[in-house]
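Participant: Pasting in a structure now, in structure tokens, and then I'll have a few things to ask.
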Amino acid sequence: MLNEREAESCYLGQFIPLQYHHNMLMDANRMDNFKAAIQRQVFEGAKVLELGGGTGVLSWFAAQSAAKVYCVELNPDMVAEARRLLAKNRYGERVEVIHADAFEYLPPEPVDVVICEMIHVGMLREKQVEVIENFKNAMLLNSVTRCRYLSRKRW
Ligand SMILES: C[S@@+](CC[C@H](N)C(=O)[O-])C[C@H]1O[C@@H](n2cnc3c(N)ncnc32)[C@H](O)[C@@H]1O
């Protein structure tokens, strides 16, 4: 009989084992290139959203310039770890780690940059494409609803 968390992981089919995070962090080629890409895109004072934040390392790269980073992670162990690591590092306070499903979460304000690394192996297990697609549709719907609401208020 599975406990609630195991059942949740199975349902998602996408929680990667904890030791993979160690491997990802130790891969200098991976980390250097993500860091360079994030530094290139995230401007001073930007608002950033990361979907599937893991240890929070990419959010932390963004936080070197961003004013605010929303870091969404579903695995509760990773949420605790990200919060612990960010609290130890300069600019970590700019990152808010949110325990939520990236399929459902919408930030409370518009963001300038979205980071999502749920690639896994050939995107077969993690749901990068679906998560991004879902986010784009939800944001679009949200802004259309807001526009309608604002224009109604003006009348
Ligand atoms: C490949 S790891 C990358 C972690 C981190 N972004 C990095 O580059 O080190 C993807 C992360 O996405 C998380 N994840 C997978 N599906 C998710 C979902 N639906 N909502 C939120 N997080 C999710 C996993 O638990 C994992 O920590």
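The values are calculated or read from the model by the stated rules, or taken from the named source; none is laboratory data. Bear in mind that the values here come from a model prediction, so they are computed numbers and not experimental data. With ideal geometry, Cβ positions are generated from the backbone for all residues, glycine too; neighbour counts draw on all protein chains shown.
Residue-wise test of (1) under 24 Å from residue 136 (Cβ atoms); (2) in a loop (DSSP other than H, G, I, E, B).
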residue: 55; (1), (2): no, yes
residue: 59; (1), (2): yes, no
residue: 81; (1), (2): no, no
residue: 97; (1), (2): yes, no
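Participant: Same structure again: Take the residues in region 61-79 that are assigned to a loop (DSSP other than H, G, I, E, B) and over 10 Å from the mean Cα position of the chain (by Cα); name whichever of them is nearest to the ligand (Cβ to nearest atom).
Facilitator: Residue satisfying both the conditions and the ranking: 75.
Participant: If you go through region 41-50 one residue at a time, do you hit one that is more than 23 Å from residue 98 (Cβ to Cβ) and within 12 Å of the ligand (Cβ to nearest atom)? Before you say what the answer is, go through the steps one by one.
Facilitator: Filtering region 41-50 for residues more than 23 Å from residue 98 (Cβ to Cβ) gives 44.
If we keep only those that are within 12 Å of the ligand (Cβ to nearest atom) too, we end up with none.
There is no residue in region 41-50 that is more than 23 Å from residue 98 (Cβ to Cβ) and within 12 Å of the ligand (Cβ to nearest atom).
Participant: Does residue 63 satisfy being of a type in the set (Gly, Ala, Ser) and in contact with a Lys or Arg (Cβ under 6 Å, 6 or more places away or on another chain)?
Facilitator: yes
Participant: Within region 30-40, can you find the residues that are without any contact (Cβ under 8 Å) to a residue 60 or more places away in the chain and of a type outside the set (Lys, Arg)?
Facilitator: Within region 30-40, 31, 32, 33, 36, 37, 39 meet the criteria.
Participant: Please identify the pairs in which a residue from region 9-24 that is modelled with pLDDT of 75 or more has its Cβ atom under 6 Å from the Cβ atom of a residue that is near the ligand (Cβ under 6 Å from one of its atoms), counting only partners at least 6 apart or on another chain.
Facilitator: Filtered contacts from region 9-24: 21/54; 21/55.
Participant: For region 82-98, which positions are within 16 Å of the ligand (Cβ to nearest atom), in contact (Cβ under 8 Å) with a residue 24 or more places away in the chain and charged (D, E, K, R)?
Facilitator: Within region 82-98, the subset within 16 Å of the ligand (Cβ to nearest atom) is 82-86, 89, 92, 95-98.
When the remaining residues are screened for being in contact (Cβ under 8 Å) with a residue 24 or more places away in the chain, the result is 82-83, 85-86, 89, 92, 95-98.
Selection gives 83, 96.
Participant: Scan region 99-129 for residues that are in a helix (DSSP H, G or I) and either at pLDDT 90 or above or more than 9 Å from the ligand (Cβ to nearest atom) (or both) and jot them down. Even if it seems obvious, please write down each step before you answer.
Facilitator: Initial filter on region 99-129 (in a helix (DSSP H, G or I)): 128-129.
Selection gives 129 alone.
Participant: Since residue 43 meets every condition but one in (1) under 15 Å from the mean Cα position of the chain (by Cα); (2) touching a residue at least 60 places away in the same chain (Cβ under 8 Å), which condition does it not meet?
Facilitator: (1)
Participant: Would you please list the contacts, defined by Cβ atoms under 9 Å and residues six or more apart or on different chains, that run from a residue in region 58-81 that is over 13 Å from residue 116 (Cβ atoms) and basic (Lys, Arg) to a residue that is modelled with pLDDT of 95 or more and part of a helix (DSSP H, G or I)?
Facilitator: What qualifies is 68/94.
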